[in-house]
Amino acid sequence: MTLLRLVLDGSADGAWNMAVDEALWHVAGEERVPVLRLYGWMPATVSLGYFQAASTRETHPRSSEAPWVRRATGGGAIVHDCELTYCLVWPLQGAAAPATVAGKMYRLVHQVFQEVLTRRGCRLTLWDGPKTRSRDRGFPYLCFQRRSPGDGLIGPHKVLGSAQRRNRYALWQHGSLLWRASDYAPELPGVADLEGWSGNSREMGSSWGGHLAQALGCRLVPSKLGEWELRIADKLRREKYGSIRWNLRR
């Protein structure tokens, strides 16, 4: 049975979180061992999608007050605050059709979220319509005001979204489940707000991780970041995600 490393990480700043996600992607491609990482953000941070212009931060004054980082994946800006954040890296070497694997993985991850939340009485549905744009300005600035196939919704509110990147060696998928509205984006309610739940997202995340491992046919193994991963992450933080050149590249 395939082993799936589970890294229950703490909270960190945006540059470090993005650096660790990318480091896991590179190492998984080399070692051919999948990894699931659950983590938080301190302080609350906005991540811009790879293709978003830095100047668009001014279109949302509340979130522009928070620190920010540019992701290596596409999509809209995300306010990482009161949420469950995950990163899943999956080796692709030997896969006959990497694009097909990526599409199935995106859907599977969200379906498992849906199953776990539904068992707790949540009304989460997965969007099956087209990508949505505003009438005049293209895609909205905030990711959770956009709709893409497979996104998780409670009523009209998007609460679950993910993004991917892949090379020929591994798939990198990370995403967010909004748990409560952030002071930096109060217009975006989370699962706990909409369902009237107490508790925290980390408790739900542990349950979701176990169910995801089962759906992938894997055995979940508690793990920590290795020395190689930490070295790569430190280099990426210094030279990429923590640099003005990277963050202002668009």
Looking at ALA163, is it farther than 19 Å from ALA12 by Cα and touching a Phe, Trp or Tyr at 6+ places or on another chain (Cβ under 8 Å)? no
Residues of region 156-174 being in contact with a Leu (Cβ under 7 Å, 6 or more places away or on another chain) and small (Gly, Ala, Ser), which ones? ALA170
Residues (buried (at least 16 other Cβ atoms within 10 Å of the Cβ) and part of a helix (DSSP H, G or I)) located in region 212-250: LEU212, ALA213, LEU216, GLU229, ILE232, ALA233, LEU236, ARG237, LYS240, TYR241, TRP246, ASN247
Output for Cβ contacts, cut-off 6 Å, separation at least six or different chains, first residue in a strand (DSSP E or B) in region 74-88, second of a type in the set (Lys, Arg), reads CYS87/ARG37
Quick check on LEU92: is it at pLDDT 95 or above, surrounded by 14 or more Cβ atoms within 10 Å (Cβ to Cβ) and under 21 Å from LEU216 (Cβ atoms)? no
Scan the strands (runs of 3 or more DSSP E) fully inside region 1-64 and keep the ones with 2 or more residues being of a type outside the set (Val, Ile, Thr) and closer than 16 Å to LYS224 by Cβ. 2-12, 35-41
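The values are calculated or read from the model by the stated rules, or taken from the named source; none is laboratory data. Remember, predicted model here, so these are calculated numbers, not experimental data. Cβ atoms come from the backbone with ideal geometry, glycine included; neighbour counts cover every protein chain shown.
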